[in-house]
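Undergrad: First the structure, then my questions, so here it is.
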Amino acid sequence: MITQNPPSQHPGKPPKTKAVMSDRRYDIDWLRSLAFILLIFYHIAQFYVFDWNWHIKSAYQSEFLQNIMLLVNQWRMPLIFLISGTALALVEARTTTRALLKTRFVRIFMPLVIGMYLIVPPQLYFELIQKEGFSGDYFRFFRFYIDADTTMYPDHQHGPLGLLTWNHLWYLAYLWHYTLIYLVLKPLLTRINFTRINKVSPPALVLIPVSLFIFYGLVIEPLYPSTNALVDDWYNHALYFTVFLLGYMLAKSPAIWQSIIHYRKTWLILAIFNYLLVIIRYNRALGFDIDYLNGSLLTQVAIQFIWCANKVFWLLAIIGFAGAYLNKKHPLLAYMNQAVLPWYILHQTLIIIFAACLAKFALGPVLEPLLLILMTFAGCFIGYEVIKRFTLTRFIFGLKVNNQVHGSALSSPVTAAEKNALN
């Protein structure tokens, strides 16, 4: 399992306006689609960023690229889990527990399991070629990949499953398990008095999650650092499930959503300022060359605050601007709503296959990444166009199998995220 994180581093009330949580939540669909498109660019950049571990690496690596990736690294996955919790809250009143469980099993769990056998293996194949000097063909590799008792490449094995892995599909595994936990907690969640939560002040919108994230960073992360392996990934669970629940509560709290939208420019200014602090700290510049591990508790809290506040400010800014400008339908959104899951499942395997092929031609640090971007997006587009036309492939990639999707997905008074309960 490859973790895709950078090295560890350690005003008045808004005016009363109409609640934003209407029956149509196009901004949630936009955010979901754009977040996964951003994820594609991020994983392409992982091939080129210097000194960050990934499955394979380019000969053309950039240290400066670290600073650009840090702009999104802190909030890209929390945003996806927040959207997931929000969409779940929106669908809650329109589905039963049994229906939700069935939908998630067919469209989340099954694509995860099938993907581990059909989609993910080429990633490890090319990783072993580059990192371990493996010289066998793909079929030889696949035989020991699916053998849970294999002794091949123990450094790449994951517990009782041997080499079998989910790599980038870890999000589906986490979403499936968070759904199960939600169903257990649902009787308690439905008893929450959201009228009182709606009265939370703008400063509290920052201080509450930042305080939680600082606590997780100080207490849980040193013992259980990020692995994306589910069973021992307690820091990530604390972070992502908290954000998942915050997204759920946000959907139930229209006044808070309106407040976030109202202060969106403030959040953006604070996010940009905090990002500069992150860059200064990460590069040990301007006197920020502080030893985190051996520093005082106050020093560790201060450094954690920089990173955690950066995460929260960007989330608030993104939600705010999306609510203000993206809560509208568009013909492109109908396509993106349906394509986002197949694109997500396909993209990293396509990136690694195309990157390994392009690396043979020594195309240089400009042409190679440009071609990789074009080939990846073209591959996702063509792949989805094929996938959506056949019942079997629709099932494999988490699409509805009882109908072919034609026309707009936006004609319903609820979002695609609500109808599909994908996120």
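Undergrad: Does F139 satisfy the condition of being farther than 30 Å from L82 by Cα, crowded, with 16+ Cβ neighbours inside 10 Å and over 21 Å from the mean Cα position of the chain (by Cα)?
TA: no
One line per residue, one yes/no per condition, for (1) over 16 Å from W176 (Cβ atoms); (2) in contact with a Pro (Cβ under 6 Å, 6 or more places away or on another chain); (3) part of a helix (DSSP H, G or I):
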{"residue": "Y60", "(1), (2), (3)": "yes, yes, no"}
{"residue": "V72", "(1), (2), (3)": "yes, no, yes"}
{"residue": "I80", "(1), (2), (3)": "no, no, yes"}
{"residue": "M110", "(1), (2), (3)": "no, no, yes"}
{"residue": "V113", "(1), (2), (3)": "no, no, yes"}
{"residue": "Y117", "(1), (2), (3)": "yes, no, yes"}
{"residue": "E127", "(1), (2), (3)": "yes, no, yes"}
{"residue": "R143", "(1), (2), (3)": "yes, no, yes"}
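Undergrad: Answer yes if at least one residue in the stretch 323-332 is at pLDDT 95 or above, surrounded by 15 or more Cβ atoms within 10 Å (Cβ to Cβ), part of a helix (DSSP H, G or I) and touching a Leu at 6+ places or on another chain (Cβ under 8 Å), and no otherwise.
TA: no
Undergrad: Starting from residues that are assigned to a helix (DSSP H, G or I) and among the hydroxyl-bearing types (S, T, Y), keep the ones in the stretch 272-301 and report whichever is nearest to the chain's Cα centre (by Cα).
TA: Across the stretch 272-301, the extreme among qualifying residues is Y275.
Undergrad: From (1) out of contact with any His (no Cβ under 8 Å at 6 or more places or on another chain); (2) surrounded by 13 or more Cβ atoms within 10 Å (Cβ to Cβ); (3) not polar (S, T, N, Q), pick out the condition that doesn't hold for P160.
TA: (2)
Undergrad: Would you point out which residue out of Q61, Q74, Q66 is touching a strand residue (DSSP E or B) at 6+ places or on another chain (Cβ under 8 Å), within 30 Å of N283 (Cα to Cα), surrounded by 19 or more Cβ atoms within 10 Å (Cβ to Cβ) and among the polar types (S, T, N, Q)?
TA: Q66 is the lone residue from the list that is touching a strand residue (DSSP E or B) at 6+ places or on another chain (Cβ under 8 Å), within 30 Å of N283 (Cα to Cα), surrounded by 19 or more Cβ atoms within 10 Å (Cβ to Cβ) and among the polar types (S, T, N, Q).
Undergrad: Hey, another quick one. In this structure, does V301 turn out to be surrounded by fewer than 17 Cβ atoms within 10 Å (Cβ to Cβ), in contact with a helix residue (DSSP H, G or I) (Cβ under 7 Å, 6 or more places away or on another chain) and β-branched (V, I, T)?
TA: Yes: the conditions hold for V301.
Undergrad: Quickly run through the stretch 222-271 and pick out the residues that are surrounded by fewer than 19 Cβ atoms within 10 Å (Cβ to Cβ) and over 22 Å from S201 (Cα atoms).
TA: Within the stretch 222-271, P222, L223, Y224, P225, S226, T227, A229, L230, V231, D232, W234, F241 meet the criteria.
Undergrad: Give me the residue from the stretch 146-179 that is of a type in the set (S, T, N, Q) and within 12 Å of L124 (Cα to Cα) and, out of that set, farthest from the chain's Cα centre (by Cα).
TA: Ranking the qualifying residues of the stretch 146-179, first place goes to Q157.
Here's the yes/no breakdown for (1) among the hydroxyl-bearing types (S, T, Y); (2) modelled with pLDDT of 95 or more; (3) on the phi > 0 side of the Ramachandran plot:
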| residue | (1), (2), (3) |
| --- | --- |
| Y216 | yes, yes, no |
| N236 | no, yes, no |
| V243 | no, yes, no |
| K252 | no, no, no |
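Undergrad: Basic (K, R), over 30 Å from H55 (Cα atoms) and at pLDDT 95 or above: which single residue out of R389, R394 fits that description?
TA: Sole residue among the options that is basic (K, R), over 30 Å from H55 (Cα atoms) and at pLDDT 95 or above: R389.
Undergrad: Exactly one of these conditions fails for A89: (1) modelled with pLDDT of 95 or more; (2) in a helix (DSSP H, G or I); (3) more than 18 Å from the chain's Cα centre (by Cα). Give me its number.
TA: A89 satisfies every listed condition except (1).
The values are calculated or read from the model by the stated rules, or taken from the named source; none is laboratory data. What you are looking at is a predicted structure, and each value in this text was computed from that prediction instead of being measured. Cβ atoms come from the backbone with ideal geometry, glycine included; neighbour counts cover every protein chain shown.
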